[in-house]
1. Taking the condition of being free of Cβ contacts under 8 Å to residues at least 60 places away in the same chain and more than 15 Å from residue 312 (Cβ to Cβ), how many residues in segment 346-373 meet it?
2. If I filter segment 216-238 for residues that are outside the structural domain of residue 148 (by TED's automatic domain parsing), surrounded by fewer than 16 Cβ atoms within 10 Å (Cβ to Cβ), assigned to a loop (DSSP other than H, G, I, E, B) and in contact with a helix residue (DSSP H, G or I) (Cβ under 7 Å, 6 or more places away or on another chain), do I get at least one hit?
3. How many residues does segment 644-677 hold that are part of a loop (DSSP other than H, G, I, E, B) and at pLDDT below 85?
4. Scanning segment 678-711 for residues that are part of a helix (DSSP H, G or I) and touching a strand residue (DSSP E or B) at 6+ places or on another chain (Cβ under 9 Å), which turns out surrounded by the most Cβ atoms within 10 Å (Cβ to Cβ)?
5. Inspect all residues belonging to segment 322-330 and state whether any of them is crowded, with 21+ Cβ neighbours inside 10 Å and either in a helix (DSSP H, G or I) or modelled with pLDDT of 85 or more (or both).
6. Restricting to segment 61-80, name every residue that is surrounded by fewer than 21 Cβ atoms within 10 Å (Cβ to Cβ) and part of a helix (DSSP H, G or I).
7. Would you pick out the residues in segment 140-159 that are over 19 Å from residue 191 (Cα atoms) and assigned to a helix (DSSP H, G or I)?
8. When segment 560-597 is examined, which residues are found to be more than 18 Å from residue 638 (Cα to Cα) and without any contact (Cβ under 8 Å) to a residue 40 or more places away in the chain?
């Protein structure tokens, strides 16, 4: 649960911000501001100086008849003493502030006085008195429509009810606070209240509801860039996974929370973080790490005098030392935790500690004490399950037993000896039953542990078998891909290399004939074309291998799409002239996209090469675009051989990919369209084909528009 000082810091800050010093002169306001600022300046660093300025401020406000400022300053002085655990001085100034706020009829200041007095009684471990002040503050806040104080008071009532063991009352208080916050748009209190509600759901094992609330906290904290609340949410999500025994996930969230808290001053959140890291390492069996983190948490708790955190850390240190068989240390920490829990009246922690005591006595062979600890645990468990009902039953039972004892007093005296004998027999019988129960319980625990270990072992073996099956399946796919890949390389490298070899031999044979210059030039042209085809093949192979190995880094930038298209048209000019094919671009020259320029360049180059390869001579290739929301569609249309639907379905798959000769027997890499699909999807787009045999094909793909243009 969030501690009361979180709320109070908010109160003090809002109070300081809203101080409108009204007085006779401008000079009075200036002095008031100066004294207030000096008090805040020295509040943490030099307490003596802070006190001097606080008293000066009160005297100055009284002298100038600034009643509101006098009361607020007295409240802050009371809080200062409370924060420094000077409880008598705190109560003295808080009582004065309450009396003056009621005398001068300042409702808001009266509410604030009751709230701080509630915090005072929490520190005194008198939660009943604290609840009285909170309820008075709540009634005043409702009466005068002071919604922020109403929400704060509900939160503090919820915290107090929770510590008393009244889970449903606590939840209702937090839900009331949340309703007020939502209705009145009090954003400053929203996150803290959602965290409180989530913690109740965690305590009640309603994990889904708790996660919903904590995800709301994460969203709001990210929007506000509030690392403190992000740390709180991650820490609390960790507690959910720890409660569900998913200790690895819990550890991840706890460490994430600790990372977010870097550079924070010592506070209760950081203390909780270290404690949770200690508890989860205990559950994971890393006792050395558990002791390290628990001691870190304990050191911080001592610095801020958080008694609640003393209990939590003492408890887990006791549990660790029971596991490591260091029983003296375990007994020491267990005694400290139990004493504090009883002093503060924490029923829920007394329940946990009774369980640890039972374990301790069993481990040390003290069976009689183990029996008593177990009975104490059972009794406390019943109290905690329904505290309110149990309280009523106890009152009625006490009344009933008192009357019964008075009526039967004479009879009991007369039969004292017989009763004593029967009582001893009954105790002996109960002892035997309890011993039997303890032995049975121990046997059950051993059997459960053995069954759990067997289940885990079977599950592990099953998982290993499943992984092996998956690995075999993946290996088959990889081998199939590898064979297909080598087939593509063997097929497509053979044609351009064969052409290069053939034409180079012809050039060599004709090089001595002066009459064959024109023929050699022709061979050179073919040789150049084969080299270009080979270069295109190697480029696609290189790009494909990079993408398969994960070496292609996606680097999106804003660039002009029409410029990339035009550059690729220029590159294809020589090829297009050979087949008398015309490129027609219908692109808007100002279209900008947000994508990886190198990938887009490769996509367009391969689509143009593909269109040239399968276009009939003296035809046209049309490049066009169409806007579609925040994306753009780019289409490359040719008037060539086209293809049937069966070929279309296999076009982008390496398993079914085959290289087809073009309209002038051009060879292809077989990988170009596969590469196009991978690169389009890497940029968040889609690619598809529309084709009809002997009429041509249109390849279309999408890219995200530039953010400026899409807006």
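The values are calculated or read from the model by the stated rules, or taken from the named source; none is laboratory data. What you see is a predicted model; the values in this text were computed from it and never measured. As a convention, Cβ positions derive from the backbone with ideal geometry for all residues, glycine included, and neighbour counts pool all protein chains shown.
1. Of the residues in that region, 14 qualify.
2. No - not one qualifying residue is present in segment 216-238.
3. The number of residues fulfilling the criteria is 22.
4. 679
5. Restricting attention to segment 322-330, the residues satisfying the condition of being crowded, with 21+ Cβ neighbours inside 10 Å are 322, 330.
Filter once more, keeping what is either in a helix (DSSP H, G or I) or modelled with pLDDT of 85 or more (or both): 322, 330.
There is at least one residue in segment 322-330 that is crowded, with 21+ Cβ neighbours inside 10 Å and either in a helix (DSSP H, G or I) or modelled with pLDDT of 85 or more (or both).
6. 62, 63, 67, 68, 80
7. The initial filter retains those residues of segment 140-159 that are over 19 Å from residue 191 (Cα atoms), namely 140-146.
If the condition is that a residue be over 19 Å from residue 191 (Cα atoms) and assigned to a helix (DSSP H, G or I), then 140, 141, 142, 143 are the ones that fit.
8. The first filter runs over segment 560-597 and keeps only residues more than 18 Å from residue 638 (Cα to Cα), leaving 560-564, 567, 588-597.
Listed by number, the residues that qualify are 560, 562, 563, 567, 588, 589, 590.
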